[in-house]
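One structure is given below, encoded as structure tokens.
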Amino acid sequence: MNRLKLLTLIAIGCLLSFSTTAQDTTKGFLPKAGDVGASIVVDGLIDNIQLSTNSNSYGQNILFVKYYFSDDLALRAGFGFNLNKIVRETADSSGALLIEEDSLRRSVSFNLSAGIEKHLTANKRLDPYVFGQLDISLIGKTKNEIENREISSIGTKSTEREIIRDGGFALGINLGGGFNYFLAKNFSVGSELYLGLQYVSVGGSVSDNTTTTTAGGTRSSTFNSREDISKSTTLNVNPTAQINFSYFF
């Protein structure tokens, strides 16, 4: 199925490009000033091909486009939004008790990517380039909600716990190069390699609030807070060259 999707994508791109070429044969294969393009990434081996969007140095998926200021200079820009929500429900019996536990974990993050792409001397189809790119990610708070219930013949004892951790940010700077090879007018396959420097700071205050209600209806609460901050700086080379399919219009 994945190979079928890939072959379908290539066929559609070639048909669109052939149609455009038939209407206007005055231009070459490469994009020109004023053109806009979008790309997707092909991951995996031949028997496990997957299509996805580009990702920034923090690993978030982004909508990624390019705009050509001139024939050899392009703006790279992307936007991403991740909303993670994990729900888990369990139930188990222990003697005369029925124990139920529900948990919910939520987090949200945004990112922006922007950079400049300088295209080098190209021939009719091959288009090499170098680029610099800045990635900024805003990491929202993480909220965990856990409810535990012990159900017996005398009633239900419940414990509700809420843990909130502060978020943070990630800043990445990437320098690298790549190429596009145009299979047809405006439709290309390409690859990139880059050297990336990334700084990540996550955390701050952690609040932990627990409320217990006995089977008889008596409620009690405990509240704790602490500081927990993680900071890291990494310098690495993108370990594998990602393959991109791009279409310009």
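Throughout, read-outs are computed from the coordinates displayed, never taken from laboratory work. A quick note: this is a predicted structure, and the numbers were derived from the prediction, not measured. Virtual Cβ from ideal backbone geometry, glycine too; neighbours counted across all protein chains shown.
Among the listed pairs Lys32/Lys85; Lys85/Lys157; Lys143/Lys231; Lys118/Lys185, a Cα-Cα separation exceeding 32 Å is found for Lys32/Lys85. For a straight C-alpha distance cut-off of 15 angstrom, the aspartates and glutamates reachable from Lys141 (same-chain residues fewer than eight places away being disregarded) are Glu162, Asp166, Asp208, Glu227, Asp228.
For Asn209 and Leu63, the FRET efficiency from 1/(1 + (r/R0)^6), where r spans their Cβ atoms and R0 equals 25 Å, is about 0.10.
Indicate the gyration tensor shape class of segment 147-249 (rounded, prolate or oblate), computed on the Cα atoms with a ≥ b ≥ c the square roots of the eigenvalues: a/c under 1.5 is rounded; otherwise a/b larger than b/c is prolate and the rest oblate. Prolate shape, in that a/c is at least 1.5 and a/b is the bigger ratio. Of the trypsin sites (Lys or Arg not before Pro) in segment 193-238, not one is in a loop by DSSP (not H, G, I, E or B) with at most 13 other beta carbons within 10 Å. The phi-based Karplus calculation (6.51 cos²θ - 1.76 cosθ + 1.60; θ = phi - 60°) puts the 3J(HN,Hα) values of segment 171-179 at 10, x, 10, 10, 10, x, x, x, 8 Hz, whole numbers, x for Gly and Pro.
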